[in-house]
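So that we are looking at the same thing, I have put the structure below in structure tokens.
The values are calculated or read from the model by the stated rules, or taken from the named source; none is laboratory data. Keep in mind that this is a model prediction, so the values were computed, not measured. All Cβ positions, even for glycine, are placed from backbone atoms using ideal geometry, and neighbour counts span all protein chains on display.
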Amino acid sequence: MRADANKRFKRRRRISFRPGSWLWKLFRAGIIVGISYIILYPLLIKLAVALMPEADMYDMTVKWIPRRPTLASFKEVLQLIDYPAYLLTTLGVSSAAALVQVAACTLAAYGLARFSFRGRSLLFFLVILTLVLPQQTYMTTTYMQYRYFNLYGLLGIFGYKGASLINTPWPLLLMSFGCQAAKNGLFIYVLRQFLKRLPVELEEAAWVDGAGVGTIFYRIMLPNAGPALVTVSVLSFVWTWNDLYTASTYMPAMKLFSTLLNNLTFQITRAEGGSSVIDTVHVSMYTNAGALLIIAPLIVMFIIAQRFFVQGVERTGLTGM
């Protein structure tokens, strides 16, 4: 018996050490490393330039690793731009918008996933259609609506002519509350796919115990939809953080990182005195350091929420039906 067991073990060992399997693993590892390098290349090059002193920038023999790493570029950028004000404003607007979007999109997704009514498929198709409908098609009407906002004309009955909501977060929050902000269709899709896969027996048991629709939603659906909620929260926060279109259209005067990143070269040049002769080396060092400071909070947030984010992506249908 022991001899037979040893033979089977040796046979399995020979099979597991086949050259083909090791070649496949090596090929797969090479593909992963290559894709990772392509994704991380912009971040790595920015980090290398930001850490270089001016002497290394002029040294043609220095490519990736600085000879004398320094944080001087980061210190200069922090002095040139009002980084704390931009950070607090962007963090507050992105957090508020993400909270409102998650709440509104979860309610819409719950209705599309767990209730059967006439026109549900058509309504869900229209939700998906918003993903391919560019915001520029309704930019003028939306802008004028918030430029002379009077609650859709209802306040005009009382003689109120309206007030401008431009350069305030209210246009973004109101669009988020109505599931009209950018990528809200994707958030509804992600949450619908997750809620649709939850067992029907959970609802049936709650109905038997006398629970209503609200109780089932808040006490059963939401706790079980944790990974999907984290996924949508992260995506919403990141897109609001980087949404240049909404920031430049409705909040151009607010100190947001999206507008700062778009005009970072101009901001640094103006902060240095606005000279007609631009030192491109200094500008390159400062812009790369500034870009890293802008995306640093997003990297920290993703590291913290990585485990829940990956679970949500795996279980919400983004990787296949």
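I'd like to check something: does the stretch 115-128 contain any residue that is surrounded by 10 or more Cβ atoms within 10 Å (Cβ to Cβ), touching a helix residue (DSSP H, G or I) at 6+ places or on another chain (Cβ under 7 Å) and farther than 25 Å from TYR218 by Cα?
Yes - at least one qualifying residue is present in the stretch 115-128.
Quick check on the stretch 175-193. Is at least one of its residues hydrophobic (A, V, I, L, M, F, W, C), out of contact with any His (no Cβ under 6 Å at 6 or more places or on another chain), within 27 Å of SER164 (Cβ to Cβ) and assigned to a helix (DSSP H, G or I)?
So far as the stretch 175-193 goes, yes, one or more of its residues are hydrophobic (A, V, I, L, M, F, W, C), out of contact with any His (no Cβ under 6 Å at 6 or more places or on another chain), within 27 Å of SER164 (Cβ to Cβ) and assigned to a helix (DSSP H, G or I).
Within the stretch 210-263, which residues are free of Cβ contacts under 8 Å to residues at least 40 places away in the same chain, over 30 Å from LYS196 (Cβ atoms) and surrounded by 16 or more Cβ atoms within 10 Å (Cβ to Cβ)?
Result: ALA247, THR259, LEU261.
With the condition kept exactly as written, say whether any residue in the stretch 172-183 is of a type in the set (Gly, Ala, Ser), modelled with pLDDT under 90 and more than 27 Å from ARG197 (Cβ to Cβ).
Within the stretch 172-183, none of the residues are of a type in the set (Gly, Ala, Ser), modelled with pLDDT under 90 and more than 27 Å from ARG197 (Cβ to Cβ).
Here's another thing I want to ask about it. If I filter the stretch 187-199 for residues that are within 20 Å of GLN136 (Cα to Cα), charged (D, E, K, R) and either modelled with pLDDT of 85 or more or touching a Ser or Thr at 6+ places or on another chain (Cβ under 9 Å) (or both), do I get at least one hit?
Pass one, the stretch 187-199, residues within 20 Å of GLN136 (Cα to Cα): none.
Within the stretch 187-199, not a single residue is within 20 Å of GLN136 (Cα to Cα), charged (D, E, K, R) and either modelled with pLDDT of 85 or more or touching a Ser or Thr at 6+ places or on another chain (Cβ under 9 Å) (or both).
If you don't mind, another one. Based on what the data block shows, is THR168 surrounded by fewer than 19 Cβ atoms within 10 Å (Cβ to Cβ) and at pLDDT 90 or above?
Spelling it out, THR168 is indeed surrounded by fewer than 19 Cβ atoms within 10 Å (Cβ to Cβ) and at pLDDT 90 or above.
Applying the selection to the stretch 193-249, what residues are within 24 Å of VAL127 (Cα to Cα), of a type in the set (Gly, Ala, Ser) and touching a helix residue (DSSP H, G or I) at 6+ places or on another chain (Cβ under 9 Å)?
Passing the criteria: ALA225, GLY226, ALA228, SER233, SER236, ALA247.
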